[in-house]
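Accompanying notes for the structure given below.
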Amino acid sequence: AKDYGMSARQLNAKLHDLGVQYNLSGTWFLYSDYQDKGYTHSKTFTREYGGTNSHTYWTQEGRLFLYHKLKEHGILPKLEQQSEVTAYENI
């Protein structure tokens with residue numbers, strides 16, 4: 001999310017809008033079109049005072065997928081946004 005100048009909440013909402021993921025009981029899951037692509041993996045942690053917590057991580061392949069998916073919709077990482085501005089200023 002930081003790569004795109006967004007909060008995690010904003011990026012999750014955008015990925016939901018783009019049909020990539022949905023939220024169920026506070027946990028984000030990929031829609032079936034993307035579930036078996038190896039884009040994410042999950043880890044379950046035991047909390048210090050009992051219970052568990054699950055966290056989903058994007059794999060490198062998943063990050064590449066996100067890059068292309070977001071780029072299709074005109075959303076570029078901040079680094080590329082800055083490069084475009086610099087290139088435009090040099091014209």
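The values are calculated or read from the model by the stated rules, or taken from the named source; none is laboratory data. On a predicted model such as this, the values are computed, not experimentally measured, just so you know. So basically every Cβ, Gly included, is an ideal-geometry build from the backbone, and we count neighbours across all protein chains shown. Calculation scope for accessible area: heavy atoms of the full protein, side chains included, ligands and nucleic acids excluded. Shrake-Rupley method; radii C 1.70, N 1.55, O 1.52, S 1.80 Å.
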Q. In segment 36-60, how many are of a type outside the set (V, I, T) and surrounded by 12 or more Cβ atoms within 10 Å (Cβ to Cβ)?
A. 4
(Q) So the check is Cβ under 8 Å with 6+ separation or different chains; which pairs have a first residue in segment 12-27 that's of a type in the set (S, T, Y) and a second one that's surrounded by 11 or more Cβ atoms within 10 Å (Cβ to Cβ)? (A) Y22/H16; Y22/W28; Y22/F29; Y22/Y31; T27/T56
Q: State which residue pairs qualify: first residue of a type in the set (G, A, S) and inside segment 28-46, second residue open to solvent by 80 Å² or more (accessible area, probe 1.4 Å) in any location, beta carbons under 7 Å apart, and separation of 6 or more residues or different chains.
A: G38/E61; S42/H55
